[in-house]
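Input: a single structure, listed below in structure tokens.
Derivation of every value follows stated rules applied to the coordinates shown; laboratory data play no part. Small disclaimer: the values here were computed from a predicted structure and weren't measured. Positions of Cβ are backbone-derived with ideal geometry, glycine not excepted, and every protein chain shown enters the neighbour counts.
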Amino acid sequence: MASTGDLEPTHYPARRAAQVALHYLNTHHGSPFRVFGLQQVHKASAEDVAAGGRKYKLDFSVTDWGSGSAGPALRCSADVLFPRTERHSAPKVELHCEALQQINSTAQEDDAFYQKYISPDSTVSARDIPDSFGNMSEEMQPFWRLARVAASFIMLRESSENTEFNMAKVASITQQESSEEQLMLEFVVLLHDFPSQEIVQWKLLASWSPDRGVRVLQTEWQPRCPHATKPPN
């Protein structure tokens, strides 16, 4: 039986729930020059709710990976509800982050990136980001962040009390023909589930523009085993 009441902030249940809140944050505020990473869980508690599920209350901090290691920490609080249903249902998240609107704007970088790659002549294509030595070119970093944000939609949707997803690698990026003034990108991403140590592969079609943000238009789970019929969850 899972614990209720106050939780040890450094232990798996608290970290797992905070990771779900982080995915939610990135789906709403991520961009080519902003993606958040979990820094620390400060406080956590859990309770069973009458509606059928388990709610985690969290106090944690994140950093903007787009700002490098010197980026300021952002303090957040969240309620994360894992529903108990016959069929898998995505966690429900309520999130508040202090001073989120006051962190440095990336509007200028976003616009320059958009103008460079929205051109019909742009045909970005790359594989294995980062490479086997952990290296990533400066040109590919905004695309990696976009892939991380797009993958957050999948990781949020697929999360449960038994998972803890993170993006291990971008297997491939292929720019598609622009549509409705949106940058269109196809990503194949490898997601690592920490408890099971399983690597899951997904193909995503995502769009992005400075005014509309990241949207995931299509998702396809790609099983390693040819006989598998559904994502492991």
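Key figures
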| quantity | calculated |
| --- | --- |
| The one condition in (1) part of a loop (DSSP other than H, G, I, E, B); (2) under 18 Å from ASP110 (Cβ atoms) that MET136 fails to fulfil | (2) |
| Any chance PRO9 is of a type outside the set (Ser, Thr, Tyr), in a helix (DSSP H, G or I) and over 15 Å from the mean Cα position of the chain (by Cα) | no |
| Long-range neighbours under 9 Å by Cβ, at least six apart or interchain, first residue in contact (Cβ under 8 Å) with a residue 60 or more places away in the chain and more than 15 Å from ARG15 (Cβ to Cβ) within the stretch 55-66, second buried (at least 19 other Cβ atoms within 10 Å of the Cβ) and among the small types (Gly, Ala, Ser) | GLY66/GLY30; GLY66/SER31 |
| Yes/no for ALA171 being small (Gly, Ala, Ser) and more than 15 Å from the chain's Cα centre (by Cα) | yes |
| Residue count for the stretch 108-135, restricted to those that are farther than 30 Å from SER160 by Cα, under 21 Å from the mean Cα position of the chain (by Cα) and either loosely packed, with under 11 Cβ neighbours inside 10 Å or basic (Lys, Arg) (or both) | 1 |
| Lone qualifier among PRO9, PRO13 - being farther than 30 Å from GLN102 by Cα and of a type outside the set (D, E, K, R) | PRO13 |
| Some residue of the stretch 81-97 being of a type in the set (Asp, Glu), under 23 Å from PHE153 (Cα atoms) and crowded, with 18+ Cβ neighbours inside 10 Å | no |
| When residues of the stretch 148-185 are limited to those that are outside any strand (DSSP E or B) and acidic (Asp, Glu), the one surrounded by the fewest Cβ atoms within 10 Å (Cβ to Cβ) | GLU180 |
